[in-house]
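Heads up, the thing below is written out as structure tokens.
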Ligand code: SF4
Ligand code: SF4
Ligand code: SF4
């Protein structure tokens with residue numbers, strides 16, 4: 001299970017990258033993307049997926 | 001890039017070249033000690049004056065002479081405001097939060113050095129977003145300041161924040177010698193705040209409603225207290241939202257004053273459906289010019305007010321009211337290669353301004369004393385719109401003005417009370433009637449408009465609208481001219497030759513607040 005970023009809505013602000021506890025988010029080829037292998041949906045770490053909670057465009061969603 | 005600037009070209013009469021546009025200045029004629037950021041050296045402790053005298057936002061006087069630059073290295077934010085939509089990015093718009101190019105700290109440093117070479121008036125580097133400068137750990141913000149402090153230690157550093165993350169960073173701010181911090185505080189009551197902030201992200205959670213507003217409020221007050229107790233100057237920005245926090249801002253003014261804020265800057269809400277903000281889409285209106293001024297006047301006596309804010313973009317470059325950001329794109333900066341930082345031009349410029357200012361203080365005081373003596377205190381103050389390119393002079397043509405500076409002049413003296421953005425009336429030689437209508441509604445509460453020059457047509461329209469066009473003070477200093485005019489006005493009023501212009505309002509233009517240079 002993992003989250004993904006809907007690129008069409010992303011503002012490329014990078015807020016999610018700074019919050020991810022697993023460094024699953026990075027800026028590659030001009031867009032932010034979540035590495036599904038690293039994403040844990042923040043389970044066991046936080047009460048909610050951090051990227052989705054901070055994202056101003058509500059574009060971090062379950063993959 | 002040899003850039004020898006002739007000081008005459010900057011400050012000479014009417015030929016204010018490098019300095020396209022700077023508003024008015026210090027109201028030494030202000031009788032009370034509460035006349036806002038227009039205070040001069042006599043009104044504050046010497047160490048505070050040292051910090052603000054060359055900062056265009058913290059000293060109204062400085063804003064005639066000095067330029068600031070924002071670098072857009074902080075795109076992330078940790079709250080949502082109903083007046084902001086960070087998806088929106090249009091280079092023709094001028095609002096805080098809007099930016100055309102996001103920069104890495106390395107790019108920002110190169111851009112700053114390049115700008116410093118071309119604009120010797122540059123004295124302040126600010127980080128104001130386009131998100132929150134302290135969100136995402138403030139990493140890019142502090143990285144940029146760290147590099148800058150090494151390369152160009154004479155530039156002042158300042159940052160803006162919504163305050164949520166502020167308490168975590170106060171020590172770092174103090175360590176980097178950042179001596180100016182702006183906090184945007186729109187409320188001191190969560191009941192009010194819940195209508196402004198739909199959510200915040202704090203302590204690994206998204207909070208909404210009253211909880212969100214309560215946390216934000218507490219963090220803002222804590223951050224403010226921590227900064228002022230360390231001697232860091234704090235400016236508080238508030239967005240005036242009619243029907244939501246307009247009257248409440250008087251409480252905000254008191255609350256921030258009691259916690260040591262240096263300046264309070266009440267700005268009008270910029271709201272337009274096209275911006276895609278919550279307020280824009282729901283039809284929330286911004287205040288009129290008089291509503292804004294009345295509120296600002298009511299707050300006089302509390303925390304000092306700033307009235308010369310231009311609500312600049314997060315990547316603005318230049319004197320307040322002008323924006324030369326588009327001259328310094330990433331592509332152009334990269335093409336310039338290594339830029340050396342040479343302080344010579346800036347130092348010469350600063351010395352020149354020091355001299356100029358000393359003389360100005362005395363001249364203003366004399367003009368004011370004269371009016372106080374001859375006019376007495378019975379005559380009501382009037383508003384005057386001024387077309388200026390900077391340097392405290394009336395040196396712009398009516399048709400070329402992209403903004404008018406508003407002065408209130410009365411028996412107690414002349415002071416800058418605001419500015420009004422307009423569309424240029426005259427573009428490419430011929431007058432544009434729509435634009436003229438816009439200018440009239442923007443300065444409709446003024447008795448006169450001071451210009452360097454004006455054509456026959458607009459002159460007639462102004463007179464028809466009851467606003468007197470005045471070009472006899474062309475290239476003179478603004479405040480002395482305003483006082484001379486007021487003396488004459490009071491005399492004509494006494495003879496019954498004219499009537500006072502009262503009860504008028506004016507429209508605040510919601511488009512670009514900052515002129516782009518052609
Ligand atoms: S859900 Fe959590 S782990 Fe997955 S990308 Fe978002 S912040 Fe990182
Ligand atoms: S927080 Fe949202 S908008 Fe910002 S970069 Fe991440 S996905 Fe994009
Ligand atoms: S937005 Fe206001 S405070 Fe900020 S730089 Fe512009 S004038 Fe100064």
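The values are calculated or read from the model by the stated rules, or taken from the named source; none is laboratory data. Everything numeric here is computed off the predicted structure, so don't read it as measured data. Cβ coordinates were reconstructed from backbone atoms using ideal geometry, including for glycine residues, and neighbour counts include every protein chain displayed.
For the residues A:33, A:52, the requirement of being part of a strand (DSSP E or B), under 22 Å from residue B:138 (Cα atoms) and either modelled with pLDDT of 90 or more or within 9 Å of ligand 1 (Cβ to nearest atom) (or both) singles out A:33. Restricting attention to segment A:22-33, the residues that are within 14 Å of chain B (Cβ to nearest Cβ) and crowded, with 16+ Cβ neighbours inside 10 Å total 2.
Scanning segment B:45-80 for residues that are away from chain A (no Cβ under 14 Å) and closer than 30 Å to residue A:50 by Cα turns up B:70, B:71. Taken over segment B:331-362, the residue count meeting the criterion of being assigned to a helix (DSSP H, G or I), in contact with a helix residue (DSSP H, G or I) (Cβ under 6 Å, 6 or more places away or on another chain) and either farther than 24 Å from residue B:480 by Cβ or in the same structural domain as residue B:105 (by TED's automatic domain parsing) (or both) is 2. Taking strands (runs of 3 or more DSSP E) as the structural unit, those lying wholly within segment B:150-245 and holding at least 3 residues that are within 26 Å of the chain's Cα centre (by Cα) correspond to B:156-161, B:180-184, B:233-240. With respect to residue B:390, determine if the residue is surrounded by 19 or more Cβ atoms within 10 Å (Cβ to Cβ) and not assigned by TED's automatic domain parsing to the domain that holds residue B:116. Yes; evaluated as a whole, the condition is true for this residue.
Considered as a group, the residues in segment B:247-258 that are under 21 Å from the mean Cα position of the chain (by Cα) and within 24 Å of residue B:128 (Cβ to Cβ) include one that is modelled with the lowest pLDDT, and that residue is B:257.
Restricted to segment A:34-55, and to residues there that are under 25 Å from residue B:102 (Cα atoms) and surrounded by 16 or more Cβ atoms within 10 Å (Cβ to Cβ), the residue that is nearest to ligand 2 (Cβ to nearest atom) is A:55. Checking each residue in segment B:251-271 for being closer than 20 Å to residue B:197 by Cβ and not in a loop (DSSP other than H, G, I, E, B) picks out B:251, B:252, B:253, B:255, B:256, B:264, B:265, B:266, B:267, B:268.
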